[in-house]
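*Asks:* Dropping the structure in here first, questions after.
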Amino acid sequence: MNYLSRPGGLDKPVIDRTIFIHHIRSAASDCLRSVFQLLSRLDNYLAKFELFVIASFATTALGLGVMQVVLRYVFNTGFHWAEALFTTLTIWAMLIAGSRAVRDGIHARVSIFEVVLPKMAIRACNLISMIASLTLCSFFFYCGILYTQFVDQMGIASMETNIPEAVNYAIVPLAMGAFSLRYIILIVEALKDPTTLDPPEHVNIEGGGV
């Protein structure tokens, strides 16, 4: 810190502009580093949750389906709740799998633009599509919460399983919330490293998709 002499013998401290800018940049860098670390941990926790739901729910649904087929066509019997529970578990597993597909970048995509546009335009389009997807998923998340609350207030339960319908419909805000978190993570990663917006390796920009 420098001092500027003034009439009367009093010195006024003068903040070095370079040092001030350095401190601001350092604080901003630390803040961004903390955000990236938080998002990285969130990504890992969400990935574990997705894997658990997909594996457990899909396996249980498969077991129920096989059991119901055997009981129906071999023993001419079955459980009246099995089909409804099979459907619910399958929907939960597949919607959560959709969130995992966002993380792995394996959703269906239109690659024609990746063939004809330059790399910077491709990155811009991919970023815009992520923002649009985040907006849509956030809207579905909000609507899902409202509808789940409405169903819960009505106290409706499934006739086959006697499970409250609010539990069945809770997958909508849960899955859309997971989708939204995935797109937030992807957008932040794209702003940090624009190369993540490049086309997948199986897309050949010069010669088209393979």
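The numbers here are math on the coordinates, done by the rules we state, and not lab data. No experiment lies behind these values; they were computed from the predicted model shown. Because the Cβ atoms are built from the backbone with ideal geometry, glycine has one as well, and the counts that use them run over all protein chains shown.
*Asks:* Go through E83, E114 for me and flag whichever is assigned to a helix (DSSP H, G or I) and either in contact with a strand residue (DSSP E or B) (Cβ under 9 Å, 6 or more places away or on another chain) or without any contact (Cβ under 8 Å) to a residue 12 or more places away in the chain (or both).
*Replies:* E114
*Asks:* Say we look at the range 38-88 and pick out the residues that are loosely packed, with under 14 Cβ neighbours inside 10 Å and among the aromatic types (F, W, Y); which of these is farthest from D104 (Cα to Cα)?
*Replies:* Ranking the qualifying residues of the range 38-88, first place goes to F75.
*Asks:* Go over the candidates V110, V115 one by one and state the one that is surrounded by 12 or more Cβ atoms within 10 Å (Cβ to Cβ) and not acidic (D, E). Step through it out loud before you land on a result.
*Replies:* On the way: V110 fails: surrounded by 12 or more Cβ atoms within 10 Å (Cβ to Cβ).
Criteria check complete, one pass: V115.
*Asks:* Counting only residues that are crowded, with 17+ Cβ neighbours inside 10 Å and hydroxyl-bearing (S, T, Y), how many does the range 124-146 have?
*Replies:* Residues flagged as crowded, with 17+ Cβ neighbours inside 10 Å and hydroxyl-bearing (S, T, Y) within the range 124-146 amount to 1.
*Asks:* Related question: Is there a residue being assigned to a helix (DSSP H, G or I), exposed (fewer than 15 other Cβ atoms within 10 Å of the Cβ) and free of Cβ contacts under 8 Å to residues at least 12 places away in the same chain anywhere in the range 161-180?
*Replies:* no
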